[in-house]
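The values are calculated or read from the model by the stated rules, or taken from the named source; none is laboratory data. Treat the numbers as computed from the prediction; the structure is a model and nothing was measured. Positions of Cβ are generated from backbone atoms using ideal geometry, with glycine treated the same way; all protein chains shown enter the neighbour counts. The area values use the complete protein model at the heavy-atom level, side chains included, leaving out ligands, DNA and RNA. Shrake-Rupley method; radii C 1.70, N 1.55, O 1.52, S 1.80 Å.
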Amino acid sequence: MSEFKKNYDNSKVLKPWGEEYNIFRNKKKLAITYLKLKKGEATSIHCHPRKKTGFLILSGVAEVQLGIYKKNIFKYKPMSILVLRPGLFHRIKASDKKDLYALEIETPYIKTDLIRMEDNYGRKNIGYESLLKTKKLTKKDVIFNVPTLKKSNKYILNNIQIEISYFTNFKSLNSFDDKSVSIILDGSMINNKNKTVITVGEIVKSYTLKKLFSFFKINKTILILRASKINIEN
């Protein structure tokens with residue numbers, strides 16, 4: 001287990017369609033993978049039987065097949081979010097025009113929780129890539145770190161601003177004009193009977209968190225990753 005943790009947390013996994021690496025991990029609760037699919041390339045048709053997965057598209061256009069039938073293909077542009085239940089087969093393809101960059105959120109963190117049904121690269125009956133198909137991260141590869149309670153950590157990925165902060169309330173969040181997306185990295189919101197309403201791994205529009213806060217409360221503190229598109233003026 002120690003070898004698994006050391007290598008996958010600090011290595012880039014080389015895929016026939018591109019590459020990916022763990023950009024953030026909260027123990028076994030959650031991991032975020034930063035992935036690149038080369039234009040025109042696609043993942044296998046696969047599922048994750050035990051973990052929930054979600055995606056935030058950063059750059060490019062994702063053509064996503066949901067289920068095992070090719071008629072169920074939908075396109076997702078930058079800042080689109082997608083959440084998949086455990087066991088749902090899916091395939092993600094980058095458009096023919098541009099490489100695709102995305103964040104994949106998995107809860108819980110089980111890197112080898114993978115079953116492939118069809119694959120363009122001969123991996124149909126093969127599990128997750130072995131440590132032999134990895135390379136070390138470099139100083140140029142971004143890693144998200146947990147900030148101190150009263151600070152924020154900020155990053156730029158593919159013209160998307162990423163801000164990681166702790167919250168005790170959501171009063172500072174903008175209302176419905178806020179186009180940012182929030183990912184819960186740790187903590188939860190609860191009702192007046194201490195029942196969990198929303199927790200680690202959820203991906204929602206940021207204004208949704210503010211709306212929920214008018215009905216429910218944060219359980220002490222909650223760690224949020226907020227992503228927003230950077231406007232470039234000509």
### Task
Between beta-carbons, use under 9 Å as the cut-off and find the net charge around SER180, counting Lys and Arg +1, Asp and Glu -1.
+2
### Summary
Relative contact order as a percentage, the stretch 101-168, C-alpha pairs under 8 Å and 6+ apart, gives 19 percent
### Message
Probe radius 1.4 Å, ligands and nucleic acids ignored: give me the carbon and sulfur share of the accessible area of the stretch 38-187 as a rounded percent.
### Response
53 percent
#### Entry: MET79 long-range amide H proximity, modeled H, under 5 Å
ILE57, LEU58
### Message
Just to be sure I understand: with springs between alpha-carbon atoms less than 10 Å apart, which residue in TYR69, TYR128, TYR166 has the highest mean-square fluctuation in the Gaussian network model of the chain?
### Response
TYR69
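Give me the 1.4 Å probe accessible area per residue for the chain, excluding ligands and nucleic acids, in Å².
On a per-residue basis, 55 Å².
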### Summary
Quick shape check on the stretch 40-136: root eigenvalues a ≥ b ≥ c of the Cα gyration tensor, a/c under 1.5 is rounded, otherwise prolate if a/b tops b/c, else oblate, and it reads rounded
### Message
Could you tell me the center-to-center distance, by alpha carbons, between the stretch 15-52 and the stretch 140-192 in angstrom?
### Response
21 Å
### Query
Got the relative contact order for the stretch 143-234 handy, in percent, Cα pairs under 8 Å and 6 or more residues apart?
35 percent
## Note on the structure
Gyration tensor on Cα atoms of the stretch 74-128, a ≥ b ≥ c root eigenvalues, a/c under 1.5 rounded, else prolate if a/b beats b/c, else oblate, says oblate
### Query
Residue farthest toward the positive end of the dipole of the stretch 4-118, with Cβ of Lys/Arg at +1 and Asp/Glu at -1: which of VAL13, ALA42, SER59?
VAL13
### Task
Using a cut-off of under 12 Å, list every residue of the stretch 77-106 whose amide N is near the label point 7 Å from the Cα of LYS229 along the Cα-to-beta-carbon line.
77-81
